[in-house]
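Peer 1: Once you've had a glance at the structure underneath, I'll fire off some questions.
The values are calculated or read from the model by the stated rules, or taken from the named source; none is laboratory data. Note that this is a predicted model, so its numbers are computed, not measured. Note that each Cβ is placed from the backbone with ideal geometry, even for glycine, and that neighbours are counted across all protein chains shown. For the accessible areas, the whole protein counts, side chains as well, though only heavy atoms, and no ligand, DNA or RNA atoms are used. Shrake-Rupley method; radii C 1.70, N 1.55, O 1.52, S 1.80 Å.
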Amino acid sequence: MSKPDMTTDLGFVQLKNPVMTASGTFGSGEEYSEFIDISKIGAVVTKGVSNVPWDGNPSPRVAETPSGMLNAIGLENPGVDVFLKRDLPFLKKAGATIGVNVCGHTEDEYVDVVKKLTDEAIAFLEINISCPNVKAGALAFGTDPVEVEKITSLIKKNTDKPVVMKLTPNVTDIKEIAKAAEAGGADGISLINTITGMKINIERQTFVLANKTGGLSGPAVHPISVRLVYEASNAVKIPVIGMGGISTWQDAVEMMLAGASAVAVGAANFYNPNSTIDIIDGIEKYMDDHGIEKIKDIVGAVH
C-alpha cells in the first residue's frame, strides 16, 4: 500500500499535511527552527501582529494550572513593520507555508495591518477577534454576531488574501458566531481561542496573574474544543481549523473526526518543541494502520 495522502485542501490553500501551529505558541517560526524543520509543518501561523508595537500586560502573566496553563500576555508584539522586515523574510527562506495572525483594538487597526500584508507571500490571514473593541465598551469583537459579520466583511474588502476568523469560545452559542463569520465572507474559521480563567494564590491571598484573568489552554480545554468544533463545523460550509488542547496525534485525529479540516498545536509546543512533527507522524501511522488513503476521509466522519 502506498503512503497515505496527507494533502489538505482548505479551498483557499493546499497544505502538505493538516497540522499547523497555533498563534502565540510558536513565535514567528524562527524561535523553533533550531529544533525542527518548519517547512514540514502544514502551516506556521505567527504570533499576533498589530499595526504598531504592543507592550502587552504587566508581569506576572503566565501561570501553570492542572493539565494546562493560564496566560495574560496581552498580545505583546513588535508591530507589522518589524514583522515585515525581520520575521517574514525568515519564514520565506525557510520554505514555510505562512499564516499571519492579525490583532487590533479598532476596525482601523485591523485594516492597517491587512493592507500592509495583502501583497506579501502569505497563504492566509487569521484574524484574532478575541481582542477588546475599544469602541464597544471593550467587549471582544468575537462575542457579538453583528460585530463578527461586520469586521469580517470589512477585512475582506481590504485584502485579496484568504481570511480565517479565529473565534472565541467565551460565547453562548458558537454556531451563531460561526455563521456570522461565514456571512461576512470568511474563507474559513479557526477555533478555539483560550477560555477565560483565573487563579488565586491562597497563601498570599492575591491573584496569580497581574491581569487577574487569563486565557486557559492545554489538555484541560480539549473536550470543550472538540465540542465547539463539532458544533461550528456542522453550522457552516466553510472549512474549520480546530485547536484547543491538542498535544498528541490522537487529539488531532479526534478533532478532525469532529469536523476540523486541519488542526493547530498550541501549548504543547512549550514543553515539546517537536510536538507538531510527532503529531504529523502519528496521524500518518493512524491512517496507514486503518487503511485510510486520504486525510479528507476522516474529516467529520463522526456525525
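Peer 1: Averaging over all projection directions, find the projected area of the Cα convex hull of segment 1-123 and quote it in nm² with one decimal place.
Peer 2: Taking a quarter of the hull surface, the average projection is 10.3 nm².
Peer 1: Now for a separate question. Counting only protein heavy atoms, what percent of the accessible surface of the chain is carbon or sulfur at a 1.4 Å probe?
Peer 2: Its accessible area is 50 percent carbon and sulfur atoms.
Peer 1: Summing Lys, Arg as +1 and Asp, Glu as -1, what charge do residues with Cβ under 12 Å from the Cβ of LEU70 carry, LEU70 excluded?
Peer 2: +2
Peer 1: With θ set to phi - 60° and the Karplus curve 6.51 cos²θ - 1.76 cosθ + 1.60, what are the ³J(HN,Hα) couplings of segment 263-273 in order, to the nearest whole Hz, using x for Gly and Pro?
Peer 2: Those phi angles translate into 9, 10, 9, x, 4, 4, 4, 5, 10, 9, x Hz.
Peer 1: For segment 182-303, what is one quarter of the convex hull surface built on the Cα atoms, given in nm²?
Peer 2: So the Cα hull casts an average projection of 9.5 nm².
Peer 1: While we're here: Quick check on the chain: helices-only [θ] at 222 nm, where DSSP H runs of length 4 and up contribute -39,500 (n - 2.57) each and the sum goes over total residues. Nearest 500, please.
Peer 2: When only DSSP H runs of four or more count, the value is -8000 deg cm²/dmol.
Peer 1: If a paramagnetic tag sat 7 Å from the Cα of THR106 along the Cα-Cβ line, which residues of segment 41-77 would have the backbone N under 19 Å from that point?
Peer 2: The answer is 49-56, whose backbone nitrogens lie closer than 19 Å to the label point.
Peer 1: Right, here's the next one. At a Cα cut-off below 20 Å, give the lysines reachable from LYS199, other chains included and same-chain residues fewer than 8 away excluded.
Peer 2: Within reach: LYS212.
Peer 1: Another one. Could you do me a favour and compute the accessible area per residue for the chain, 1.4 Å probe, result in Å²?
Peer 2: 44
Peer 1: Check each of the GluC sites (Glu not before Pro) in segment 27-99 and keep only those in coil by DSSP with at most 15 other C-beta atoms within 10 angstrom; list them in order.
Peer 2: Answer by residue number: GLU34, GLU76.
Peer 1: Which of the GluC sites (Glu not before Pro) found in segment 164-221 are loop residues per DSSP with 16 or fewer other Cβ atoms within 10 Å of their Cβ?
Peer 2: Hits after loop and neighbour filter: GLU203.
Peer 1: Suppose the Debye formula is applied to equal point scatterers at every Cα of the chain; what is log10 I(q)/I(0) at q = 0.14, 0.16 Å⁻¹?
Peer 2: Those come out to -1.02, -1.36, one per q.
Peer 1: Can you give the local net charge around GLY184? Use residues other than it whose beta-carbon is closer than 12 angstrom to its beta-carbon, Lys and Arg +1, Asp and Glu -1.
Peer 2: 0
Peer 1: R0 = 25 Å: FRET efficiency of LYS175 with ASP9, Cβ-based, nearest 0.05?
Peer 2: Efficiency, from the Cβ-Cβ distance: 0.55.
Peer 1: A further question on this structure: Of all DSSP beta bridges located in the chain, what percent are antiparallel, nearest 5?
Peer 2: Of all bridge pairs located within the chain, approximately 40 percent are antiparallel.
Peer 1: Also, I was wondering about something else. Report the antiparallel proportion of the DSSP beta bridges in segment 9-120 as a percent, rounded to a multiple of 5.
Peer 2: 60
Peer 1: Convex hull over the alpha-carbon atoms of segment 231-303: what's its volume per residue in Å³?
Peer 2: In segment 231-303, the Cα convex hull volume per residue is 80 Å³.
Peer 1: What is the local net charge at ILE41, summed over the other residues whose Cβ is closer than 14 Å to its Cβ (Lys, Arg +1; Asp, Glu -1)?
Peer 2: Counting the neighbours of ILE41, the net charge comes to -4.
Peer 1: Let me ask another. Would you calculate the separation in nanometres between label points at THR206 and VAL146, each defined as 7 Å from the Cα along the Cα-to-beta-carbon direction?
Peer 2: 4.2
Peer 1: Could you grab the relative contact order for segment 137-270? Cα pairs under 8 Å, six or more apart, rounded to a whole percent.
Peer 2: 21
Peer 1: May I pose another question? Defining a contact as two alpha carbons under 8 Å apart and six or more residues distant in sequence, what relative contact order in percent does segment 1-139 show?
Peer 2: It rounds to 22 percent for segment 1-139.
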